[in-house]
Amino acid sequence: MNNKNSVFIATSLDGYIADKNGGINWLNSVPNPNNDDMGYIEFTSNIDALVMGRKTFETVMGFDVPWPYEKPVFVLSNSLNEIPNSHKDKAVLVKGTLTEVLEQIHSKGYKRLYIDGGTTINNFLKKDLIDEMIITTIPILLGGGSSLFGDLPSELNFELVESKVFLNQLVQNHYKRKNR
Ligand SMILES: NC(=O)c1ccc[n+]([C@@H]2O[C@H](COP(=O)([O-])OP(=O)(O)OC[C@H]3O[C@@H](n4cnc5c(N)ncnc54)[C@H](OP(=O)(O)O)[C@@H]3O)[C@@H](O)[C@H]2O)c1
């Protein structure tokens, strides 16, 4: 099976993944009475593990719900020396360059990875290590916050695979990398 790095994320109309206070409540700004998962369950059924930045990991640790992931979670951080005791059985800390980190994860048999967190996604994009992105746009302008995208050393071309509308309000675009 080939290695694949995928992004599945929601952004505001102005391209933020967290608001000025780091909050994500705006993700629920469109009523979703039937709890449409917008393809999340199907997406996660096709990944082997998650790789997330320390900030996203801390956000998820702070949720007042049971741990939401069934697949292994690898956390990138230079500042953490270990995963907090409360989550030692839930996540693994990984360190090194992205190439080293990926080698480590692939060697454990996890090939299809869900890459999460804005800084983390950008670090992968800077090394041209993202193969597909599924981006759901919420119709809200946050006016500031954490951007999904940032500076890159060079252009990266993607092609649109599919576009879907959910709840009559959210547009979900699925892109894959081309011309590599
Ligand atoms: N809208 C959505 O769907 C969505 C999805 C995910 C997250 N979010 C939100 O977005 C915010 C987090 O995004 P973010 O951009 O601030 O951060 P992030 O990518 O989750 O975390 C950034 C941190 O990850 C670590 N890191 C990233 N790349 C690394 C590398 N190559 N090597 C070592 N460590 C690395 C660093 O941790 P250290 O500082 O510890 O070294 C860095 O400060 C949170 O508020 C979260 O709730 C929203």
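The values are calculated or read from the model by the stated rules, or taken from the named source; none is laboratory data. Source: prediction; values computed, not measured. All Cβ positions, even for glycine, are placed from backbone atoms using ideal geometry, and neighbour counts span all protein chains on display.
Here are the numbers for the structure shown:
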item: Of all residues making up region 105-130, the number that are assigned to a strand (DSSP E or B) and either farther than 20 Å from Thr56 by Cα or more than 7 Å from the ligand (Cβ to nearest atom) (or both); result: 4
item: Odd one out for Ile105 among (1) in contact with a Leu (Cβ under 8 Å, 6 or more places away or on another chain); (2) surrounded by fewer than 18 Cβ atoms within 10 Å (Cβ to Cβ); (3) closer than 15 Å to Ala49 by Cα; result: (2)
item: Qualifying positions in region 116-146 - touching a helix residue (DSSP H, G or I) at 6+ places or on another chain (Cβ under 6 Å) and either under 13 Å from Ala10 (Cα atoms) or among the acidic types (Asp, Glu) (or both); result: Asp116, Gly117, Ile140, Ser146
item: Selected residue (criterion: nearest to Met38 (Cα to Cα)) from residues of region 154-176 that are of a type in the set (D, E, K, R) and in contact with a strand residue (DSSP E or B) (Cβ under 7 Å, 6 or more places away or on another chain); result: Lys164
item: Sole exception among (1) within 8 Å of the ligand (Cβ to nearest atom); (2) among the charged types (D, E, K, R); (3) at pLDDT below 95 for Asp64, by number; result: (1)
item: Residue match in region 24-35 (condition: assigned to a loop (DSSP other than H, G, I, E, B), within 10 Å of the ligand (Cβ to nearest atom) and in contact with a strand residue (DSSP E or B) (Cβ under 9 Å, 6 or more places away or on another chain)); result: yes
item: Residue match in region 82-90 (condition: near the ligand (Cβ under 10 Å from one of its atoms), in a loop (DSSP other than H, G, I, E, B) and out of contact with any Asp or Glu (no Cβ under 6 Å at 6 or more places or on another chain)); result: no
